[in-house]
Amino acid sequence: MGESDFWVIISGRSGRTAYLEKNNSSFSKCEVLSGRMGKKTMTDGAARLTRDSATSTGHALSAADWLDTHFLAGQCEYETMLRAAGFQAGWCVLDAGCGGGSFLPLLSELLGENGRINAVDLAPENVSQVERIVESGRLQCPVSVREGDVTALSFDDGQFDGVWSANVTQYLPDAELDAMLAETRRVLKPGGLLAVKDTEDCAFRLHPIPSLLLWRLFDALAGRGEMTVIGGLRALHLSHFVREAGFVHVRHKVTYIERQTPLRPVEEAFIAGLVEWLAQEAESLVMPASEMVYIRACCDPSHPLYMLRQPGLYWREANVLLTGYKAA
Ligand SMILES: C[S@@+](CC[C@H](N)C(=O)[O-])C[C@H]1O[C@@H](n2cnc3c(N)ncnc32)[C@H](O)[C@@H]1O
């Protein structure tokens, strides 16, 4: 196995090993191991488990290994959204907040060999992950990646035909969202396309966790200032921000991702990781004691209420695709 190959080790605490189908993205083989989400890089032959889903820059649920798993769990719908955004062959496109590069294989395919992608992300380890994907030669157009802040872009005015930004606005307080939109408008050519994809968490479900419990959890997290929750609940207001920023022909479309048992291993891994994150966050909140007992049971593999053992397990995630144009 060469340095550019990645094995994604997916949690599930089941101790089982599962192999995913080879696909066109950067992943070839997945395992379900005991323990939490992590990624094994094979550069020195030693496994390295990343035990936290946050980046070094403090963004929750944004470490590349977590993003890989989340992306694979909803890949079909995510890729349909990107295909629908309107990026054209030969365009020069900015991926603003590229994370570990989950969308780059398809984006590069859509732009083709005459296209070009610049990618920026705040987290250096995510930038390094994208550099490894670029070096692997699997992307279908030239891609350059660097550390950067989407609220203060280091690109010239009018440089891009399009900007793609997936799952980033949820981390930006309103003032930073305004700054990001002003910056993306600045770097777009007249007539250029902005496409923003983000989760619409008002529609989030993880059945059989009671909805009211989830809402109490979201309420407490938002009250504590957890931006990924605040931003996820703001998604339907994005079009307002985008219009205010001066974009025209603004449209949004909501796509649902729904999964129910029997789940694919990567979906199980994603749900196990998500429940574990929620339970971990709940420990630091003031929640009713009976709900804490239930939440802990949901991520305890030895408990009858363990989430992955529930026959009616159902995950629903809504996503907004928002498009707008810089006036010509
Ligand atoms: C949930 S991840 C999404 C990554 C990728 N777009 C995807 O959908 O897989 C959010 C990413 O936004 C990045 N990010 C958050 N705030 C940022 C900012 N102000 N500038 C650049 N990147 C930012 C984080 O580092 C993280 O990689």
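The values are calculated or read from the model by the stated rules, or taken from the named source; none is laboratory data. Worth saying up front: this structure is predicted, and the values here are computed from it rather than measured. Neighbour counts run over all protein chains shown; Cβ positions are idealised from the backbone, glycine included.
What do you reckon, is PHE270 within 23 Å of the chain's Cα centre (by Cα), in a helix (DSSP H, G or I), touching a residue at least 24 places away in the same chain (Cβ under 8 Å) and under 30 Å from LEU153 (Cα atoms)? No, not satisfied. If the condition is being modelled with pLDDT of 80 or more, among the hydroxyl-bearing types (Ser, Thr, Tyr) and surrounded by fewer than 18 Cβ atoms within 10 Å (Cβ to Cβ), then segment 41-62 contributes SER56, THR57. Residues that are touching a Leu at 6+ places or on another chain (Cβ under 7 Å) and without any contact (Cβ under 8 Å) to a residue 12 or more places away in the chain within segment 88-135 are absent altogether.
Within segment 135-160, the residues that satisfy the criterion of being away from the ligand (no atom under 11 Å from the Cβ) and either buried (at least 20 other Cβ atoms within 10 Å of the Cβ) or under 18 Å from the mean Cα position of the chain (by Cα) (or both) are LEU139, CYS141, VAL143, VAL145, PHE160.
Every test in (1) surrounded by 15 or more Cβ atoms within 10 Å (Cβ to Cβ); (2) at pLDDT 85 or above is passed by ALA89 save one, and that test is (1). One residue is enough: does segment 85-103 have a residue meeting the conditions in contact with a helix residue (DSSP H, G or I) (Cβ under 8 Å, 6 or more places away or on another chain) and in a helix (DSSP H, G or I)? Checking segment 85-103: not a single residue is in contact with a helix residue (DSSP H, G or I) (Cβ under 8 Å, 6 or more places away or on another chain) and in a helix (DSSP H, G or I).
Could you say whether any residue in segment 150-157 is of a type in the set (Asp, Glu), in the same structural domain as ASN114 (by TED's automatic domain parsing) and under 22 Å from TRP66 (Cβ atoms)? Let's see the steps before the verdict.
Here is the first cut: in segment 150-157, the residues of a type in the set (Asp, Glu) are 156-157.
Checking which are in the same structural domain as ASN114 (by TED's automatic domain parsing) leaves us with 156-157.
When the remaining residues are screened for being under 22 Å from TRP66 (Cβ atoms), the result is none.
Among the residues of segment 150-157, not one is of a type in the set (Asp, Glu), in the same structural domain as ASN114 (by TED's automatic domain parsing) and under 22 Å from TRP66 (Cβ atoms), which makes the answer no.
Might you let me know whether segment 63-76 holds any residue that is part of a loop (DSSP other than H, G, I, E, B) and either at pLDDT 85 or above or over 16 Å from the mean Cα position of the chain (by Cα) (or both)? Scanning segment 63-76, I find at least one residue that is part of a loop (DSSP other than H, G, I, E, B) and either at pLDDT 85 or above or over 16 Å from the mean Cα position of the chain (by Cα) (or both), so the answer is yes. Any residue in segment 152-179 that is free of Cβ contacts under 8 Å to residues at least 60 places away in the same chain and under 20 Å from LYS326 (Cα atoms) sitting within a Cβ distance under 6 Å of a residue that is more than 13 Å from the ligand (Cβ to nearest atom) and of a type in the set (A, V, I, L, M)? List the pairs, counting only those 6 or more apart or interchain. Close Cβ pairs (under 6 Å, with a partner that is more than 13 Å from the ligand (Cβ to nearest atom) and of a type in the set (A, V, I, L, M)) amount to LEU153/VAL187.
Looking only at residues in segment 81-117 that are within 18 Å of the chain's Cα centre (by Cα) and under 19 Å from VAL187 (Cα atoms), the one that is farthest from the ligand (Cβ to nearest atom) is ALA85.
Collect the residues in segment 180-207 that are over 19 Å from HIS252 (Cα atoms), touching a strand residue (DSSP E or B) at 6+ places or on another chain (Cβ under 7 Å) and either in a helix (DSSP H, G or I) or within 13 Å of the ligand (Cβ to nearest atom) (or both), keeping them in residue-number order. Across segment 180-207, the qualifying residues are GLU183, VAL187.
A single entry from GLU291, GLU226 fulfils the requirement of being over 28 Å from ASP65 (Cβ atoms), surrounded by 14 or more Cβ atoms within 10 Å (Cβ to Cβ) and among the acidic types (Asp, Glu): GLU291.
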